[in-house]
Number of protein chains: 2
Amino acid sequence: MLPEDPSSRSSAAMKQILEQTPAWLSGGGEHADVVLSSRVRLARNIAGFRFVGRADVQERRDVFNLVRKNLTKAGIVSEDLGSGGACWLDVSAIDQYERDALSERQCISRQHAKGHKTSANEGPDPRAVIVQTPSETVTIMVNEEDHLRLRAVRPGLMLREALEEINAVDDQVESVLEYAFSSRFGYLTACPTNVGTGVRVSVMMHLPALRVLGEIDRVKRAASDMSLALRGFWGEGSEADGDFYQLSNQTTLGKSEELILTELAGTIVPKVIEYERRAREKLMTQRREFTEDLIYRALGVLTHARRIAADEAMSKLSEVRLGVTLGLLNGPDVATVNRLLLMVQQAHLQHAVGRVLDPSERKAARATLLRQTLS
Amino acid sequence: MLPEDPSSRSSAAMKQILEQTPAWLSGGGEHADVVLSSRVRLARNIAGFRFVGRADVQERRDVFNLVRKNLTKAGIVSEDLGSGGACWLDVSAIDQYERDALSERQCISRQHAKGHKTSANEGPDPRAVIVQTPSETVTIMVNEEDHLRLRAVRPGLMLREALEEINAVDDQVESVLEYAFSSRFGYLTACPTNVGTGVRVSVMMHLPALRVLGEIDRVKRAASDMSLALRGFWGEGSEADGDFYQLSNQTTLGKSEELILTELAGTIVPKVIEYERRAREKLMTQRREFTEDLIYRALGVLTHARRIAADEAMSKLSEVRLGVTLGLLNGPDVATVNRLLLMVQQAHLQHAVGRVLDPSERKAARATLLRQTLS
């Protein structure tokens, strides 16, 4: 019997991942009408190695190998994915579209999909991601900005659960790898904003009613007043395709995880949920006809278009999602709309069709997928 | 038995008219994919009376009474509409929305719906229209710009048939009314552009492919080169809601009916039909996906909107009509789309709902009608 080809194992794992919908898109959790998901990530580095941005390829490869060996030995990374578990994906070994798909699923950052520049004789940038399958509730990026980026994600508003989960994973990892830690600063990280607990807490919110009523600036001001970052989620730049926004803390130094979590989950997130709910109520009571028209037209576009760009698809799916949560549409359910938010994106479309598509083909494939799912 | 109330008879005739679809919207006739209808109208005045614009109310009332009496005696106007025939509608006696509906059906002009200004003690402007029921192929306006405006309309490109029909009606009318006629100039009319034969020949064309491809200016230039008028049809001003254009001669003096008809039907109309057909072929061969998307999106809007303005409805119906003629849509048929072009208009909507609607209610009623008919 021939030895197993590791790249074919990785490819099988990718295939398995792409067939699933991540648990955070299930439509469940607290306040799921407004909150899509809750994330907590920790930035960690391994003692005795330079930060990724400073290390040469060989040193990054050493980190890659050390992490793989130790986490596999400790059972954190599973050798066999048959019964579920966390799989090791060598990001430089998988196809370009698979890397992009992992980025679309928020398993890795765009930067990690691209990798650091290496010269021709150095070979590809040694980097990996560990993905908990099939839920994708936990991921660990290896050699992104920090040696390790641990992340837990849950559907709805479940920050505490996400924090508890990632802390447990962090403890497991720390039992087999020595972290770079300063008794004065806390965990050391490549970027000063992450020094300390290395924690970033973020909530993905769906705020269509505030956008429709032109009140999204209230949220932006409230976030800014609290030194929180409000970014478009899935959208390029600051504009949010489909009205999805990510609200997160900007700095970690000098703040306990508890404080960060309380600031976000205890004050601003409930306030934004309240804003959005009031806006939705206003749409239902004061602008009912306008709202029904908006939502049904969005469904009309999604069920009739023969070509549709990603941003338009996201925007119309957002409006349909609003309609579902308002009880104005009989179908589809929130989980289906959430799944489509992922499926209409470039790499997922290419995976569904089974080949690389040019922009025009993508528009057609996206429209077909939407029609088949929603009609 | 009480004597019949003439206004209730008029109202019954109006009701009957509004329940029908005019024959020119049947979708039949030559070149019906591009040509909606062919019209010929004659401007005539009665000898011994001043032109309408110069006459006082009493003189206009005298014309009104004379025309009614003589045409009824000659059997041109039917007393009994049970078996079809031409009915006399006292335009000042019917409801405002019925007048507007007659204008939407192209039975009367907007000016005729409004009437000439009269002072309070003069009573309403004496004016009428005779409508051939149920086909509406022939109409005669009484006391519009001229004492009589006789018009025949046919579906598709059937100008010669329309001319023959209106000439026959003209002969009938002339046998019981003496026309103002000059052996030097021909028939005398209120506006010098109509002097001579008093004929205006026009073809209503549906030119969506030329608009989509940005080539509508070619038609405008060709029309202008031949001193023909190209106007929006149903649209306000020069822009054509729904890509419907009316191509017609501008002057009549010194030209025989035959020459006018030949100029229009023999040269420019076939040329424009050819332009539009080539544009449609281009859409099908070179821009197939774009075209399918355009057409299905239009259908998506019409079958999903909860509120829709008249101009958007006309524009989307135009695209659906294009889709039907290109064979890209299974349903609806051209006759249904044509009927909707009429039914989505303000007065017809109000008739369908049975009461006066404010602009917001109209948008909702229009959307409901479209959904119910097309879904």
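The values are calculated or read from the model by the stated rules, or taken from the named source; none is laboratory data. Predicted model, so just to flag it, every value in this text is computed and none were measured. All Cβ positions, even for glycine, are placed from backbone atoms using ideal geometry, and neighbour counts span all protein chains on display. In case anyone asks, the SASA skips ligands and DNA or RNA and just uses the protein heavy atoms, side chains included. Shrake-Rupley method; radii C 1.70, N 1.55, O 1.52, S 1.80 Å.
Could you run through segment B:300-313 and say how many residues are in a helix (DSSP H, G or I) and either free of Cβ contacts under 8 Å to residues at least 12 places away in the same chain or within 7 Å of another protein chain (Cβ to nearest Cβ) (or both)?
The initial filter retains those residues of segment B:300-313 that are in a helix (DSSP H, G or I), namely B:300-304, B:310-313.
From the residues that got through so far, the ones that are either free of Cβ contacts under 8 Å to residues at least 12 places away in the same chain or within 7 Å of another protein chain (Cβ to nearest Cβ) (or both) too are B:300-301, B:303-304, B:312.
Matching residues across segment B:300-313 total 5.
If A:Ser10 passes every condition in (1) surrounded by 15 or more Cβ atoms within 10 Å (Cβ to Cβ); (2) of a type in the set (S, T, N, Q); (3) more than 23 Å from A:Leu148 (Cβ to Cβ); (4) modelled with pLDDT under 90 but one, which one does it miss?
Here A:Ser10 clears every test but (3).
Read through the list (1) charged (D, E, K, R); (2) outside the structural domain of A:Pro192 (by TED's automatic domain parsing); (3) not in a helix (DSSP H, G or I), then give the number of the only condition that A:Lys255 fails.
Condition not satisfied by A:Lys255: (2).
Which one of these is surrounded by fewer than 20 Cβ atoms within 10 Å (Cβ to Cβ) and in the same structural domain as A:Asn194 (by TED's automatic domain parsing): A:Asp125, A:Asp170, A:Asp146?
Values: A:Asp170 fails: surrounded by fewer than 20 Cβ atoms within 10 Å (Cβ to Cβ); A:Asp146 fails: surrounded by fewer than 20 Cβ atoms within 10 Å (Cβ to Cβ).
Going through A:Asp125, A:Asp170, A:Asp146 in turn, the sole match is A:Asp125.
Quick one: is A:Ile308 touching an Asp or Glu at 6+ places or on another chain (Cβ under 6 Å) and open to solvent by less than 50 Å² (accessible area, probe 1.4 Å)? Explain how you work it out, then say what you get.
Details: touching an Asp or Glu at 6+ places or on another chain (Cβ under 6 Å): no; open to solvent by less than 50 Å² (accessible area, probe 1.4 Å): yes.
No.
Rundown of residues vs (1) in a loop (DSSP other than H, G, I, E, B); (2) touching an Asp or Glu at 6+ places or on another chain (Cβ under 7 Å); (3) more than 8 Å from chain B (Cβ to nearest Cβ); (4) within 21 Å of B:Ala364 (Cβ to Cβ), yes/no style:
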| position | (1), (2), (3), (4) |
| --- | --- |
| A:Glu289 | no, no, no, yes |
| A:Leu294 | no, yes, yes, yes |
| A:Ala298 | no, yes, yes, yes |
| A:Ser315 | no, yes, yes, no |
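If the requirement is being over 29 Å from B:Ala209 (Cβ atoms) and either open to solvent by less than 30 Å² (accessible area, probe 1.4 Å) or within 14 Å of chain A (Cβ to nearest Cβ) (or both), which of these qualifies: B:Leu328, B:Leu357? Don't jump to the end; show me each part of the working.
Numbers: B:Leu328 fails: over 29 Å from B:Ala209 (Cβ atoms).
Only one candidate passes the filter, namely B:Leu357.
Looking at segment B:269-285, can you tell me whether even one residue there is among the charged types (D, E, K, R), open to solvent by 30 Å² or more (accessible area, probe 1.4 Å) and not in a helix (DSSP H, G or I)?
Residues of segment B:269-285 that are among the charged types (D, E, K, R), as a first pass: B:271, B:274, B:276-278, B:280-282.
Among the residues that remain, those that are also open to solvent by 30 Å² or more (accessible area, probe 1.4 Å) are: B:271, B:274, B:277-278, B:281-282.
Those left that are additionally not in a helix (DSSP H, G or I): none.
Within segment B:269-285 (the criterion being among the charged types (D, E, K, R), open to solvent by 30 Å² or more (accessible area, probe 1.4 Å) and not in a helix (DSSP H, G or I)), the answer is no, since none of the residues qualifies.
From the list B:His112, B:His116, which residue is assigned to a helix (DSSP H, G or I) and assigned by TED's automatic domain parsing to the domain that holds B:Val199?
Working: B:His116 fails: assigned to a helix (DSSP H, G or I).
None of the other options fit; the residue is B:His112.
Would you kindly identify the strands (runs of 3 or more DSSP E) lying entirely within segment A:128-236 that contain at least 1 residues that are within 30 Å of A:Leu283 (Cβ to Cβ)?
Details: elements: A:128-133, A:138-142, A:148-155, A:199-206, A:228-232.
Fully inside segment A:128-236 and qualifying: A:148-155, A:199-206, A:228-232.
Give the residues of segment B:178-218 that are open to solvent by less than 40 Å² (accessible area, probe 1.4 Å) and on the phi > 0 side of the Ramachandran plot, sorted by residue number.
B:Gly186, B:Gly196, B:Gly198
Just the residues that are at pLDDT 95 or above, β-branched (Val, Ile, Thr) and out of contact with any Leu (no Cβ under 7 Å at 6 or more places or on another chain), please, taken from segment A:337-364.
none
Taking the stated definitions as given, is B:Arg60 modelled with pLDDT of 95 or more and in contact with a strand residue (DSSP E or B) (Cβ under 6 Å, 6 or more places away or on another chain)? Step through it out loud before you land on a result.
Values: modelled with pLDDT of 95 or more: yes; in contact with a strand residue (DSSP E or B) (Cβ under 6 Å, 6 or more places away or on another chain): no.
Taking the combined requirement at face value, the residue does not satisfy it.
Taking the residues in segment A:75-109 that are exposed (fewer than 14 other Cβ atoms within 10 Å of the Cβ) and closer than 26 Å to A:Ala168 by Cα as candidates, determine which candidate is modelled with the highest pLDDT.
A:Gly75
Pick from B:Leu322, B:Leu261: which is surrounded by 23 or more Cβ atoms within 10 Å (Cβ to Cβ) and either in contact (Cβ under 8 Å) with a residue 24 or more places away in the chain or closer than 30 Å to B:Pro359 by Cβ (or both)? First the steps, then the outcome.
Working: B:Leu261 fails: surrounded by 23 or more Cβ atoms within 10 Å (Cβ to Cβ).
When all the criteria are applied, what remains is B:Leu322.
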